[in-house]
Amino acid sequence: MLLQDKTAIVYGAAGHIGSQVARTFAREGARLFLAGRTPDGLRALARELGADWATLDVLDEAAVDRHAAEVAAKAGRIDISLNAASIRGDLQGTPLLDMPLADFMAPVETGVRAHFLTMRGAARHMVRQGRGVILALSATSAGLSGRDRVYHKTGGFAVACTAIEAMVRTFAGELGRHGVRVVCLRSDALPETWPPEAQVEYRETRDYMDAGTALGRLPRIAEVADAAAFAASDRAGAMTGAIVNLTCGSIMDAD
């Protein structure tokens, strides 16, 4: 198993992506500490996976640091940290000229703050132990073509994703000599996360996005989770500062 005897924190664990990542990490042998703001969902998932869980606001600096310290004390170390908390991608679709400042800033303020706090919180323990892997999530909004920037109205979501990727590279540069790797998983849209009513409403958008990928389809959550497990494993030991391309070929670049 890829993650046998590894200790992993999954933030936003009750969400679509976080819960799939948690299941995949558990399948690969990790000991899990689930964190998020939805106690009922966390409790049910923790029961299913035999994991520890805690309610946590990832925007609360003191709470994030306290939680990381509690995990490190209980497990003896933190091997993996993954933040799957929402970056507020729901606040898209409005032209910037018509977008309220609050809606533009929400993805930036939540996504960047949450990723910084959880990365830093885990990194402080990983540096002391001399090893660890920090995983972040972004999206294609950070690297859209001109055609797609015309079609999609990403608001502050693109800014947040771009900032998270820059943060990953900065942390990777600072932490590498301490044995800590930092990797970002960049996915295209995940239709499985769309509400049922949106499956019909977004049909035209889905067709447009499918047609713009090399594989003729958008990625699946399970594929993101499998990539996360590999990136967190020792088999990816030479990988850091990387933006892992999980876009099904909608974006092709050096990363």
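The values are calculated or read from the model by the stated rules, or taken from the named source; none is laboratory data. In this text, all values refer to a predicted model and were calculated from it rather than measured experimentally. Neighbour counts are summed over all protein chains in view; Cβ atoms, including those assigned to glycine, are modelled from backbone coordinates with ideal geometry. Side chains are part of the model used for accessible areas, which takes the heavy atoms of the whole protein and leaves out ligands, DNA and RNA. Shrake-Rupley method; radii C 1.70, N 1.55, O 1.52, S 1.80 Å.
I need the phi-derived Karplus couplings for region 12-25: 6.51 cos²θ - 1.76 cosθ + 1.60, θ = phi - 60°, integer Hz, Gly and Pro marked x.
x, 6, 8, x, 4, 6, x, 5, 5, 4, 4, 5, 5, 4
Mind listing the long-range amide H neighbours of Arg217? Cut-off is under 5 Å, sequence gap 5 or more, other chains count too, H placed in the peptide plane at 1.01 Å from N.
For Arg217, whose amide H was placed from the backbone, there are no distant partners under 5 Å.
Where does helix 61-75 land angle-wise versus the long Cα axis of the chain, in degrees 0 to 90, nearest 10?
Helix 61-75 and the main axis of the chain meet at about 50 degrees.
How far apart, in nm, are two points set 7 Å out from the Cα along the Cα-to-Cβ line at Met1 and at Gln129?
Label at Met1, label at Gln129, 1.6 nm between them.
Before anything else, pin down the relative contact order of the chain: Cα pairs under 8 Å, at least 6 apart, normalised by residue count, whole percent.
20 percent
Residues of region 95-138: accessible area per residue at 1.4 Å, in Å²?
Each residue of region 95-138 exposes 46 Å² on average to a 1.4 Å probe.
Taking a spot 7 Å from the Cα of Ala69 along the direction of its beta carbon, which residues of region 168-203 have an amide N less than 18 Å from it?
Taking a point 7 Å out along Cα→Cβ of Ala69, no residue of region 168-203 has its backbone N under 18 Å.
Within region 127-158, list the residues whose amide N lies under 16 Å from a label point set 7 Å along Cα→Cβ of Ala211.
Counting only backbone N, you get 147-152.
Take the alpha carbon gyration tensor of the chain, find the square roots of its eigenvalues, order them as a ≥ b ≥ c, and report rounded if a/c is under 1.5; if not, report prolate when a/b exceeds b/c, else oblate.
It comes out prolate by the Cα gyration axes.
Distance from the Cα centre of region 119-179 to that of region 1-30, in angstrom?
That distance is 19 Å.
Count charges around Gly132 for me, please; just the other residues with Cβ under 9 Å from its Cβ, Lys/Arg as +1, Asp/Glu as -1.
Numbers: positive: Arg77, Arg131, Arg181; negative: Asp79.
Result for the local shell: +2.
With n ≥ 4 as the cut-off for DSSP H runs, can you work out [θ] at 222 nm for the chain, using -39500 (n - 2.57) per run divided by the number of residues, rounded to the nearest 500?
-14000 deg cm²/dmol
Of Val168, Val200, Val180, which has the largest mean-square fluctuation in a 10 Å C-alpha GNM of the chain?
It is Val200.
Convert each backbone phi in region 94-106 into a coupling constant with the Karplus relation 6.51 cos²θ - 1.76 cosθ + 1.60 (shift: θ = phi - 60°), then list the ³J(HN,Hα) values in order as whole Hz, x for Gly and Pro.
So the Karplus estimates, Gly and Pro as x, are 9, x, 4, 5, 10, 8, x, 4, 4, 6, 5, 7, 4 Hz.
Once the other residues with Cβ under 14 Å from the Cβ of Tyr208 are scored (Lys, Arg +1; Asp, Glu -1), what is the net sum?
Here the count lands on 0.
How high is the FRET efficiency from Asp40 to Met252, r the C-beta distance, R0 45 Å, rounded to 0.05?
With a Förster radius of 45 Å, E is 0.65.
In whole Å, what are the Cα extents of region 78-140 along the three principal axes, biggest one first?
49, 19, 13
Along region 231-246, what does the Karplus equation 6.51 cos²θ - 1.76 cosθ + 1.60 (θ = phi - 60°) give for ³J(HN,Hα), rounded to whole Hz, x for Gly and Pro?
Working through the residues one at a time gives 4, 7, 8, 5, 5, 9, x, 8, 9, 7, x, 9, 9, 6, 7, 10 Hz.
Using a 7 Å offset from the Cα along the Cα-to-Cβ direction at both His16 and Gln199, what is the distance between the two label points in nm, to one decimal?
1.1 nm
What is the spin-label model distance, in nm, from Thr94 to Arg47 if the labels are put 7 Å beyond Cα along the C-beta direction?
Computed distance between label sites Thr94 and Arg47 equals 3.9 nm.
Using amide H atoms built in the peptide plane, which far-off residues or other-chain residues are under 5 Å from Leu137 H to H?
Placed amide hydrogens put Asn83, Leu185 under 5 Å from Leu137.
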